[in-house]
2 protein chains.
Amino acid sequence: MTREEISTAPTASPRTKAVKTSRYRANSTTTTCAAPIQIPYTPRDPRDGLAPYIISPSAHPPSIVLKETPTSVFIRDAFPKALVHALLLPRDPEKTMLHPFEAFKDEGFLAQVRADAEELKGLVARELRRKICGRGTVAGGGGVNWGAEVRVGVHAGPSMNHLHVHVISREGFSDRVKKRVHYSALLPHPDPNSFNTAFFVPLDELPLRGDDPRWEHHERARLLKMDYTCWRCGRGFKNSFVGIKQHIAEEFVEWKKALLEAEGGGDRGAASSQFDASSSSV
Amino acid sequence: MTREEISTAPTASPRTKAVKTSRYRANSTTTTCAAPIQIPYTPRDPRDGLAPYIISPSAHPPSIVLKETPTSVFIRDAFPKALVHALLLPRDPEKTMLHPFEAFKDEGFLAQVRADAEELKGLVARELRRKICGRGTVAGGGGVNWGAEVRVGVHAGPSMNHLHVHVISREGFSDRVKKRVHYSALLPHPDPNSFNTAFFVPLDELPLRGDDPRWEHHERARLLKMDYTCWRCGRGFKNSFVGIKQHIAEEFVEWKKALLEAEGGGDRGAASSQFDASSSSV
DNA sequence: GAATCATAAC
DNA sequence: GAATCATAAC
């Protein structure tokens, strides 16, 4: 959120752009040796925390790096903001330091990332199904389109320096959701007057139109401060973080239940928990 | 935690003490009419939030006020710091504004509160069993001493003005546990060198000896800043709130499982939740 | 970005 | 006491 405003002017060639952008920091340690991938990266800077996965995916355990493709690295988000939350990291060193709105002006690049994102979306959808229905084979199951429960997109104002695409289950239930921006950045803002006005920008809505207000820092800041609304029922919670958080927990239970029933299977009552029961006698 | 240090000097008679103590505030609205119970109470002061339950228990729904006895009111804690968390509010107007260490110098009063606390402990233990084992009758159940999972005591430095005793399940798992003092105030500090050095003081350890360091504000402040340790396994977490919080969540699962098994019954797999599964494939 | 700590205003 | 907001230091 503290990243500087990016220019909306047409960019120079990607290679020169990477060093001209405000996102290229003076103290970055661009290596000049023949390393496989050269990207700006300051090891101690937490905003550069995604770089190691791009530079050397194989240095990380498979529990974190889910897969490498020729063009992308798939990882788990270290602080998942939903039941399943993965990131797609494009490997292209010409793109990795660009703001997503800039990077995805390149329609060829966008098409490639979309293809990779489809693959990651499949993995995330499968994991989501497993978490909700359990590992067992579901006799007569398959009634749910699990991909429809997964959102794919970028933040209008990313806080991590390297280009990444979120692939995340849409319920937003996680104990890592601790403050306003965590909801604001991931949940859509139902707004009858303006369809696209959300901080989370689906990959399908890119490239962003030149006149989209989200090019402006001011509009992005505004989106992060809007009243909370529930992604599922649209109910509003004004400025109450505790209120929306409690409600999201309740919707989580209902959402799981509905999916489990719709799937037509499930094992061992995986989604039930007595702890969630609302009534009690003491 | 911001309450002033209380005097350790012998108190005057209880009736005069109530107005001499530093806890009696100048703007309190002690009623002078023939109201059933007269206690200092400023309606808008959040630290006086327990007073309404003492003054008029019947004005509150049974979901909040669990029971009245001639000497106490039992309520649910509005911000439970564990699976089950109730409060015992002594009704005696001569005691309600005293610090618990002062109030429980009176051994007759202490004996009465202990008797009431035993009753509330039974209710809490029953509710705990229900939450972990479910509502159904448990064939062959009864292997667990549920009362042993419930702690009864006071805070060395209460933040609410009216005398109250916590009756709380000991696992400390709740989404209302959000900061250091929430753990520090409720979890014991396993300390091989000093048995009683905890901010939570069991009713069984009262009256406090005159030389107990917890009479001093300095010692109470120290207890709230000690490193985190797990109530169940004793593992230490230094100053990491997130670390202890995550661990407590894991111990919660194990604790439930162990109790459910020990009870020798349980229904509908009440304590299981696929969401708690540790491994995953994406 | 996470996490600890401090601070109004209730 | 809860809750929102702001702020270092990583």
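The values are calculated or read from the model by the stated rules, or taken from the named source; none is laboratory data. Note that the coordinates shown come from a computational prediction; the quantities given were computed from them, not determined experimentally. Every residue, glycine among them, receives a Cβ derived from its backbone with ideal geometry; neighbour counts consider all protein chains shown. In case anyone asks, the SASA skips ligands and DNA or RNA and just uses the protein heavy atoms, side chains included. Shrake-Rupley method; radii C 1.70, N 1.55, O 1.52, S 1.80 Å.
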Exactly one of B:134, B:157 is on the phi > 0 side of the Ramachandran plot and either among the basic types (Lys, Arg) or in contact (Cβ under 8 Å) with a residue 60 or more places away in the chain (or both), and that residue is B:134
Expected single match for surrounded by 12 or more Cβ atoms within 10 Å (Cβ to Cβ) and either at pLDDT below 90 or within 16 Å of DNA strand C (Cβ to nearest atom) (or both) among B:44, B:15, B:25 is B:25
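Considering region B:153-171 alone, what residues qualify as being of a type in the set (A, V, I, L, M) and open to solvent by less than 30 Å² (accessible area, probe 1.4 Å)?
B:154, B:156, B:163, B:165, B:167, B:168
For region A:210-233, what are the residues that are of a type outside the set (D, E, K, R) and open to solvent by less than 40 Å² (accessible area, probe 1.4 Å)?
A:215, A:221, A:223, A:224, A:228, A:229, A:230, A:231
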The condition of being in a helix (DSSP H, G or I) and more than 14 Å from every other protein chain (Cβ to nearest Cβ) holds, among B:92, B:116, only for B:116
Checked B:144, B:84 against criteria (open to solvent by less than 60 Å² (accessible area, probe 1.4 Å), over 30 Å from residue B:216 (Cβ atoms) and in contact with a Cys (Cβ under 9 Å, 6 or more places away or on another chain)); the one match is B:144
Take residue B:174 and tell me if it is open to solvent by less than 20 Å² (accessible area, probe 1.4 Å), of a type in the set (Ser, Thr, Tyr) and under 12 Å from the mean Cα position of the chain (by Cα).
no
